[in-house]
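See below for the structure under consideration.
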Amino acid sequence: MSESENIVVETAERMFADLADAQSIIASKSDAWKAPVWDALADAGLTLPWIDETLGGAGADLATGFALLQAAGRAALAVPLAETMIAGWLLARAGLASPAGAMTVAPAQPNGRITLSADGTLSGRARNVPFAADARHIAVLAATADGASVIALVEAAACQIAAGKTLAGDALNGVTFDRVKPIAQAPAPTGVDLTALMLMGAAARSLQIAGALETALDITVRYANERVAFEKKIGKFQAIQHSLARLAGEVAAAVSAAGSAADTLSGGRVAGDALLLEVAAAKIRCGEAAEVGAAIAHQVHGAIGFTSEHILHRFTLRAQSWRDDFGPESHWAVELGRRVAARGADDLWPLVASR
Amino acid sequence: MTAALTFDPIRLPPECEKLRQEVRTFLAEEISAGTFSPQRAQKSDDTDAPGFSKRVGARGWIGMTWPKKYGGHERSFLERYVVTEEMRVANAPVRRFFVADRQSGPVLIRYANERIKMDILPRICRGEVCFAIGMSEPNSGSDLFAAKTKATKTDGGWLINGTKIWTTSAHVADYMLGIFRTSAPTKDNRRHGLTQFLVDMKTPGITVNPIGQISGQSEFNEVVFEDAFMPDDHVLGEIDGAWKQATSELAYERSGPERFLETYYVLTELVRALGREPDLRGAEGIGRLVAQLHTLRRMSVSVAGMLQAGKEPVVEAAIVKDVGTIWEQQLPHRVRNLAAFVEPNVSNHETLERQLDFAMKIAPKLTLQGGTTEVLRGIIARGLGLR
Ligand SMILES: Cc1cc2nc3c(=O)[nH]c(=O)nc-3n(C[C@H](O)[C@H](O)[C@H](O)COP(=O)(O)OP(=O)(O)OC[C@H]3O[C@@H](n4cnc5c(N)ncnc54)[C@H](O)[C@@H]3O)c2cc1C
C-alpha cells in the first residue's frame, strides 16, 4: 500500500471503530449511528475521494479509494459510501460536480436501461438500486434515442422509489424515472458506458466482499480459540482447523482477485478483454468465496452465530447481498466466457498470462 | 487481524515479456520438431526428454536464479515463474530437470560443500542430471518423521539400509536427496534423528523397482538400499537435524504454477470444442473456470513476488497449493460436465476425450504428492494460530 492509501485506510478504520462498530450498532437497535459516521467520512473528504477538488471532491487516486472500500467491507459498513463514490466518479466523467450528501447510481444492473428523451427528461426503470431510499441524489447513466450515452444528476425525490431491502436489511430499491428532469446533464465521454459503470461497481463490490470475508475469518478464528466443547477449545479439533484453513483459502482468493482488479483499474492502462478478465474474475471469485466462506464461518460459530445479537451476520449477509449488485456471478461468467470463446482456445492462455 | 494473510497484486516486470516470447518461440520449435505434443500430456515424459532438457539448459532456463559461479544465471524468481508456466501450459517434458531446478539445487546450494556444488550444480543447469526425492517410505508418508531407512556410521561415510517408496523418477535419476535415520528420536523431539543425504544413484547396493500407476504411467518407484555407501561429504546440513532444513524450501515447492496447471489442457480443449459462440451454459461454465484460474495465478504470482523480496510466505504458499491442487483436480470433472453436449463432429472431439480421460486418471494424485491436502490444512491452521 502507498503512503496515501495507508493514511486514508487508517483514518477510515478509526472512524469505523469509533462510530460504526458492529457490536455497538447491534446493541443500539437503531439507525442513529449512521449520520455521525457519514458526517465524519464526508468531513474528511472520504465520500468523494475520486473527484477533483474543482468538482467538490478530495482528489485522491483510484487505488486509495479502492483501499478505502476494502476497509469499509472489513467493517461491513452499511452506509452508501461505495455508491456515493461511484456516483461521484460517474458524474466527474462528464465534468459534472458532485453535490453534498449521499448518492447512488442507476442503473445498478447490467440490463438496466434509462432513456433521455428529446424533451430532456429521463424515463425508465432501474431495479435493485442500492441505498436509493437513503440517497439525496442519483447519478444516472442514460441513453438517448440515437444510442449516445449521457450522464445526469437527479434528485432522488423526483423519482419513484420502491421499498425494498437486501438480505442484510440495507435499502435496495427499484427506481422509476417517469419523465424526470435532471438537475444537470452532459454527454458521456467515449468509453464511459454501461459496461464501464458495471466494471467499476463490480470492482467496488468485490473489494467490499473481500473485506467482509477478512473480518469473518478473523472473528471465526478468534471464536474457535475461545469456545470450549468436550473440554477442549473447538479450534483444537482437526475438523474445525481444516474448515478454517478452507475459509482462509477462500479469503485469500477473494483478497487476491479483488486486489488485482482494483490494481488494474487504478493503473488505467488496461482495457478490453484483459480488463474484463480482471473485474469479472474478481466479482465471480469473490462471490464464490462469499458463499463458501459464510457457510464455514456460520458452521464454526454454531447457534450463537445465527442470533441477531451476534456480529457475524453483519459480515456474512452483506457479503452475500453484495454478490448481486452490478451483475451477479453468472452475468460476469457469461460475459467472460463469451469473450474467451470468441478469442479462441489458443488465445486463452496468452490472455491469462498477460495479467 | 489475527490472520494477516498477504496477497498483494504483484505484476510480472516488463523484462518477463521478452523472456516469455523467447520461451514460446523455443517451445513452438520443439513442438514442430516433434519433441513433444501439447495435445498429448500423457506422452510428455517419454523418450526425447533428455535431449529436450539439454536444449532448455542451453537456453539458460534451468537454475535461472542460482549464482553464476555454479552455472546459474542470477535472474529473478519472477523470470523463472514465466518459464515454468509457459512450459507447463505447453505440456513440455520438464520432469527430468524440474525437481532439481525447483528443489534439489537450492538445497545443495545451501548445504553441500563447495566441491559438490561445483561438480553437480553446473550439470543441473546444463540439463544433464535428473534428481529424485527420497522421503516417503512404506510406513512413513505424511508422517515424515516415522522414517526408518537407516544410515549407520562407518569408515569415511555411512551405510544405508532400508526402503524408500513412491520415489518419482528414481528409475532415471542420477541423484536422490534422501532423508535417513541417523539416530533415534528423543523423548521431547520426535523429529530428531533424521539426516539429509545426497545419494548417487549409481552407488552399488541400490535397487530401483518401478511401480505402475492407475494412469498407465510408471513414474514412481520403490528404492531399496542394501549397505549402500555414502561418503561423509554427502551429508547435507546438520546430522540428526533434517527437520530444521525441510521447512524453508517448502514455500518454493508449494506455490508455483505447477500447482494449478497440471490439468490445464482440458480447459483449452473445452474452449476449442465449444466453439466461438458457445451457448449460455457453455459460456458461463468457461467464464467461471477462467475466473478461478486467473485468481489462482494472481495468488501464485503474489507469493513468487514475496519470495523474490526475500520473505518466507509459508502460510500463503500452503494456501496456494491447497486451493490450486483442489482446483486442478476438479477441473477435468467440470470440463466433462460442460462437454456433455459437445457435437460429436467437432474437430477436437477425440483429443478432448483422450485428454479428459488422462486428466481424470491423474486427478487423485494432485492432492497427495508433495504433502496431502490434510497436511497442508494443518500448516495453514498453524499459521492462523489454531495449533
Ligand atoms: C504421484 C505421486 C508421486 C510421489 N512422488 C514422491 C517422491 O518423489 N518422493 C517421495 O518421497 N514421496 C513421493 N510421493 C509420496 C507422497 O509424498 C505421499 O503419498 C504423501 O506424503 C502421503 O503419504 P502416504 O501416501 O503414505 O499417505 P498417508 O500419510 O498414509 O495418508 C493417508 C491419508 O491419511 C491422511 N492423514 C495422514 N496423517 C494425517 C493427519 N495427521 N491428519 C489428518 N489426516 C492425515 C492423509 O492426508 C491421507 O489422506 C508421491 C506420491 C504420489 C501420489
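The values are calculated or read from the model by the stated rules, or taken from the named source; none is laboratory data. Computed from a predicted structure; not experimentally measured. Using ideal geometry, Cβ is built from the backbone for each residue, glycine included, and neighbour counts are taken over all protein chains shown. Areas reflect the complete protein model, heavy atoms only, side chains present, ligands, DNA and RNA absent. Shrake-Rupley method; radii C 1.70, N 1.55, O 1.52, S 1.80 Å.
Considering only B:M360, B:M299, B:L338, and ranking their Cα positions along the charge dipole of chain B that arises from unit charges at the beta-carbon of Lys, Arg, Asp and Glu, the one farthest toward the positive end is B:M299. A cut-off of 5 Å between modelled amide H atoms, ignoring neighbours fewer than 5 places along the same chain, links A:L172 with A:F131, A:G164, A:K165, A:T166.
Exposed loop positions in chain B were taken to be GluC sites (Glu not before Pro) whose DSSP state is not H, G, I, E or B and which have at most 14 other beta-carbon atoms within 10 angstrom. Between these positions, the longest stretch is B:75-237. Burial annotation for the stretch B:350-387: residues with an accessible-area loss of at least 40 Å² between the isolated chain and the complete set of protein chains, computed on heavy atoms with a 1.4 Å probe, are B:R377, B:L384, B:L386. The lysines whose alpha-carbon is closer than 24 Å to the alpha-carbon of A:K29, local same-chain residues fewer than 8 away aside, are A:K165. Axis of helix B:314-338 versus longest Cα principal axis of chain B: the two differ by about 40°, to the nearest ten degrees. Using a cut-off of 18 Å between Cα atoms, the listed pairs B:K164/B:K202; B:K18/B:K311; B:K321/B:K365 include B:K18/B:K311 as exceeding that distance. Under the combined filter of DSSP loop state and at most 11 neighbouring Cβ atoms within 10 Å, the stretch A:207-274 retains these trypsin sites (Lys or Arg not before Pro): A:R269. Among A:208-217, A:142-151, A:164-173, the peptide with the highest mean count of other Cβ atoms within 10 Å heads the list, and the full ranking is A:208-217, A:164-173, A:142-151. With 20 Å² as the minimum drop in accessible area between chain alone and full protein complex (1.4 Å probe), the qualifying residues in the stretch B:279-294 are B:L280, B:A283, B:E284, B:I286, B:G287, B:R288, B:V290, B:A291, B:Q292, B:L293, B:H294. Annotation: amide H of B:M201 within the under-5 Å range of B:Y175, B:M176, sequence separation 5 or more or interchain, hydrogens built in the peptide plane. Carbon and sulfur together cover what percent of the accessible area of the stretch A:1-77 at a 1.4 Å probe radius? Within the stretch A:1-77, the accessible surface is 52 percent carbon and sulfur.
Within the same chain, lysines fewer than 8 places from B:K69 are excluded, and of the rest, those with a Cα less than 20 Å from its Cα are B:K54, B:K117. For B:K361, the aspartates and glutamates whose Cα falls under 19 Å of its own Cα, not counting residues fewer than eight places away in the same chain, are B:D45, B:D46, B:E219, B:E258, B:E262, B:E269, B:E328, B:E350, B:E353.
Pairs of Cα atoms nearer than 8 Å and 6+ residues apart set the relative contact order; for the stretch A:1-132 it is 20 percent. The distance separating the Cα centre of the stretch B:281-357 from that of the stretch B:85-158 comes to 28 Å.
In the context of the full set of protein chains, residues of chain B present 41 Å² of accessible surface per residue (probe radius 1.4 Å, heavy atoms only).
Counting Cβ atoms of other protein chains within 10 Å of each residue's Cβ and taking the mean over peptide B:268-275 gives 4. Assuming charge only on the beta carbon of Lys and Arg (+1) and of Asp and Glu (-1), the dipole of the stretch A:102-190 about its Cα centre is about 140 debye to the nearest 20. In Å², nearest 100, what accessible area do chains A and B bury in total when the solvent probe is 1.4 Å? In total, this chain pair buries about 4300 Å². Might you report the magnitude of the Cβ-based charge dipole of chain A about its Cα centre, with Lys and Arg at +1 and Asp and Glu at -1, to the nearest 20 debye? Roughly 820 debye, rounded to the nearest 20.
Farthest toward the positive end of the dipole of the stretch B:10-167, out of B:I116, B:F77, B:T154, is the Cα of B:T154, where the dipole comes from beta carbon charges about the Cα centre. Nearest 5 percent is fine: what portion of the DSSP beta bridges confined to the stretch B:133-241 is antiparallel? Within the stretch B:133-241, antiparallel bridges account for around 90 percent of the total.
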